[in-house]
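The structure appears below as structure tokens.
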Ligand SMILES: Nc1ncnc2c1ncn2[C@@H]1O[C@H](COP(=O)(O)OP(=O)(O)OP(=O)(O)O)[C@@H](O)[C@H]1O
Ligand SMILES: [Mg+2]
């Protein structure tokens, strides 16, 4: 599904404080855009501003030329979102199946013009199969699942109305090392038919599927193809001395001396 996301001179923050200021880029899908940056650099703020969940102070967000700036309802027709933290109503008794089908019905009621063919059950089944969540978990409470299984359910929820864009905020963080490879591969496959934006702290797992990287540290940013962006010079600008070169590769390490 071809789709174009344009961001023009975006500024967003909290109260008087701007976290992002003067950010402009455009990206076409399908493909995967990684958003990298240290803690507090504004990755979540950016996604929330793109989705209109946080109203930008300045600038515009356009999808296929339609202005969705500060309009979360319009944005939700185009974008499926996996938030970084999901615990709004902890232990609220909802099964995986209910979570996914409720999301489908929500979008169908709100956006009858969306082409949600195939029906609710079929769409839910397809979304759960895409993320490889085994059928024996579908009718269990969301809170009985492991963190990694719950993350897959949340991705299925974002997928069920078949939006052309997916935004996932650190989708691999609750997942164990083996599961991360598998999930990164699933997300990579999704990027062959959708525009996928993922934030992450480790660019390597998504690298085989990545068409562009946005390296962000508040109002400072660099965007381009992975080889252009992932240089020691650029990473040092954003991560300081945590960016190191080992042989021909650059790394971002947890602690460096
Ligand atoms: N609801 C809020 N109210 C006030 N300030 C906030 C709020 N959310 C985030 N901030 C601040 O905005 C800045 C950017 O935070 P943000 O969550 O966007 O960073 P991030 O890059 O997603 O970090 P992480 O890697 O830890 O998820 C931080 O200084 C943070 O303290
Ligand atoms: Mg974040």
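Scanning the stretch 5-29 for residues that are without any contact (Cβ under 8 Å) to a residue 60 or more places away in the chain, more than 16 Å from ligand 2 (Cβ to nearest atom) and crowded, with 20+ Cβ neighbours inside 10 Å gives 7, 10. Residues in the stretch 203-235 that are touching a helix residue (DSSP H, G or I) at 6+ places or on another chain (Cβ under 7 Å), surrounded by fewer than 19 Cβ atoms within 10 Å (Cβ to Cβ) and not in a strand (DSSP E or B): 207, 208, 226.
When the criteria are applied in full, residue 84 meets the requirement of being surrounded by fewer than 18 Cβ atoms within 10 Å (Cβ to Cβ), under 27 Å from residue 132 (Cβ atoms) and within 16 Å of ligand 2 (Cβ to nearest atom).
Against the definition (outside any helix (DSSP H, G or I), on the phi < 0 side of the Ramachandran plot, more than 16 Å from ligand 1 (Cβ to nearest atom) and in contact with a strand residue (DSSP E or B) (Cβ under 9 Å, 6 or more places away or on another chain)), how does residue 192 come out, yes or no? Judged against the criteria, residue 192 is a match.
Of all the criteria given as (1) within 16 Å of ligand 2 (Cβ to nearest atom); (2) surrounded by fewer than 22 Cβ atoms within 10 Å (Cβ to Cβ); (3) within 18 Å of residue 200 (Cα to Cα), the one not satisfied by residue 33 is (2).
Of all residues in the stretch 208-220, those being more than 26 Å from residue 11 (Cβ to Cβ) and either without any contact (Cβ under 8 Å) to a residue 40 or more places away in the chain or within 12 Å of ligand 1 (Cβ to nearest atom) (or both) number 1. Looking for something at pLDDT 95 or above, within 12 Å of residue 80 (Cβ to Cβ) and surrounded by fewer than 21 Cβ atoms within 10 Å (Cβ to Cβ) - is there at least one such residue anywhere in the stretch 154-165? Looking through the stretch 154-165, at least one residue is at pLDDT 95 or above, within 12 Å of residue 80 (Cβ to Cβ) and surrounded by fewer than 21 Cβ atoms within 10 Å (Cβ to Cβ).
Would you be able to say whether some residue in the stretch 27-34 is in the same structural domain as residue 206 (by TED's automatic domain parsing), touching a strand residue (DSSP E or B) at 6+ places or on another chain (Cβ under 6 Å) and farther than 30 Å from residue 122 by Cα? Within the stretch 27-34 (the criterion being in the same structural domain as residue 206 (by TED's automatic domain parsing), touching a strand residue (DSSP E or B) at 6+ places or on another chain (Cβ under 6 Å) and farther than 30 Å from residue 122 by Cα), the answer is yes, since at least one residue qualifies.
The values are calculated or read from the model by the stated rules, or taken from the named source; none is laboratory data. Please read all numbers here as calculations on a predicted model, not as lab measurements. Note that each Cβ is placed from the backbone with ideal geometry, even for glycine, and that neighbours are counted across all protein chains shown.
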